[in-house]
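Single-structure report; data block below.
The values are calculated or read from the model by the stated rules, or taken from the named source; none is laboratory data. Only a predicted model underlies this, so the values are computations on that prediction, with no experimental measurement involved. Cβ: placed from backbone, ideal geometry, glycine included. Neighbour counts: every protein chain shown. In case anyone asks, the SASA skips ligands and DNA or RNA and just uses the protein heavy atoms, side chains included. Shrake-Rupley method; radii C 1.70, N 1.55, O 1.52, S 1.80 Å.
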Amino acid sequence: MNYKNVTVAGSGVLGYQIAFQTAFHGFNVTVYDINDAVLDKAKAKFENMCEVFKRDLNATQEQLDQTRQNLSYTSDLAQAVKEADLLIEAVPENPKIKIEFYHKLAKVAPEKTVFVTNSSTLLPSQFAESTGRPSKFLALHFANNIWIHNTAEVMSHATTDPQNFNDVIAFAKAIGMLALPLHKEQPGYILNSLLVPLLSAATNLLVNEVADVQTIDKTWIKATGAPVGPFGILDVVGITTAYNINKIAVEQTNDPLKIKTVKYLKENFIDKNKLGVSTGEGFYKYPNPAFQDSDFLK
Ligand code: NAD
């Protein structure tokens, strides 16, 4: 892997974290977004990220000064990718927006540039043709709060060149990630293939009135040794996400249990602004959720 110049397209929640993490690890990073006003918002996140890196990773001022020097910003796509060895796409999770973006990108990117998508729910094969370079395209999927939840799921589609797959794995390691290779295309990658069914099973038990929140979490924590149960995890993910996933399922299947789940989440959580850790309350109250009490499992 001889990447030096990395462009991150989309400077939202994940894009900016990826850009900062990559610059922190010594790469030249260009942040691209649709206009300068959006980029100004991204620049404003820099100081906050520095505080977080100091707090969680003991980052030194020297490292953070170097990170600032490694970052540049532009809303001109051709300029953004002029030197790019790797382009990381973190634009909204909307197939139409992503396809339009890849069409524009394909016209201006140098031949050498490898493209990766950070999409959580869409597959690289959906976009491979629109990139104009299917063999140089694959998925590199990060998790929110990338500096501590430092997983990088790397997934090819059928015609990705294995050399590019290996290079992206090496790149992921070089920016401090735990690189997780997937040998086949898989919706939801590994993490969501495991997590979504678990969270959905927990919600089903609750909505079917089989057991209450704490009993379900206690069962999981005690029996598996995990530090948090499914409802504690849901509070971190955000109850809005669970609500939206169930709403989509209702539109697609009209499943009575999903209809009941949507109603339950809306009335008990969404309408009351109990959205999880982000609002201070969800299934538990924060900052001291009951599952962290010493007598929770007694
Ligand atoms: P976001 O809405 O916070 O940010 C998207 C950014 O893309 C915005 O800054 C927006 O201005 C920009 N944008 C819109 N149209 C664009 C275009 N045509 N060209 C370039 N930029 C454009 O979204 P996000 O949460 O950062 O998600 C981005 C991607 O990362 C999605 O594919 C999502 O699935 C994935 N992802 C998100 C998370 C998460 O927890 N938020 C986790 C893993 C992966």
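Only one of (1) away from the ligand (no atom under 12 Å from the Cβ); (2) open to solvent by less than 60 Å² (accessible area, probe 1.4 Å) is not met by F101, so which one is it?
(1)
Considering only segment 65-98, how many residues are assigned to a helix (DSSP H, G or I), within 14 Å of the ligand (Cβ to nearest atom) and more than 16 Å from L140 (Cα to Cα)?
So the answer is 8.
Just give me the residues in segment 29-53 being touching a helix residue (DSSP H, G or I) at 6+ places or on another chain (Cβ under 6 Å) and either within 13 Å of the ligand (Cβ to nearest atom) or within 15 Å of A80 (Cβ to Cβ) (or both), in sequence order.
Answer for segment 29-53, where residues must be touching a helix residue (DSSP H, G or I) at 6+ places or on another chain (Cβ under 6 Å) and either within 13 Å of the ligand (Cβ to nearest atom) or within 15 Å of A80 (Cβ to Cβ) (or both): V29, T30, V31, Y32, D33, A42, K45.
Restricting the search to segment 165-184, which residues are open to solvent by less than 30 Å² (accessible area, probe 1.4 Å) and aliphatic (A, V, I, L, M)?
Correct list: V168, I169, A172, I175, M177, A179, L182.
If you take the residues of segment 247-259 that are modelled with pLDDT of 90 or more and surrounded by 17 or more Cβ atoms within 10 Å (Cβ to Cβ), which of them is farthest from L195 (Cα to Cα)?
V250
Listed residues P187, P162; which is within 15 Å of the ligand (Cβ to nearest atom) and exposed (fewer than 14 other Cβ atoms within 10 Å of the Cβ)?
P187
Within segment 111-131, work out how many residues are more than 15 Å from the ligand (Cβ to nearest atom) and in contact with a strand residue (DSSP E or B) (Cβ under 7 Å, 6 or more places away or on another chain).
Residues that pass the stated criteria total 3.
Hey, among L57, L71, which residue is in contact with a helix residue (DSSP H, G or I) (Cβ under 9 Å, 6 or more places away or on another chain) and open to solvent by less than 60 Å² (accessible area, probe 1.4 Å)?
L71
Considering T219, T241, which residue is in the same structural domain as N288 (by TED's automatic domain parsing), farther than 23 Å from A143 by Cα and out of contact with any Pro (no Cβ under 9 Å at 6 or more places or on another chain)?
Just a single option satisfies the conditions, and that option is T219.
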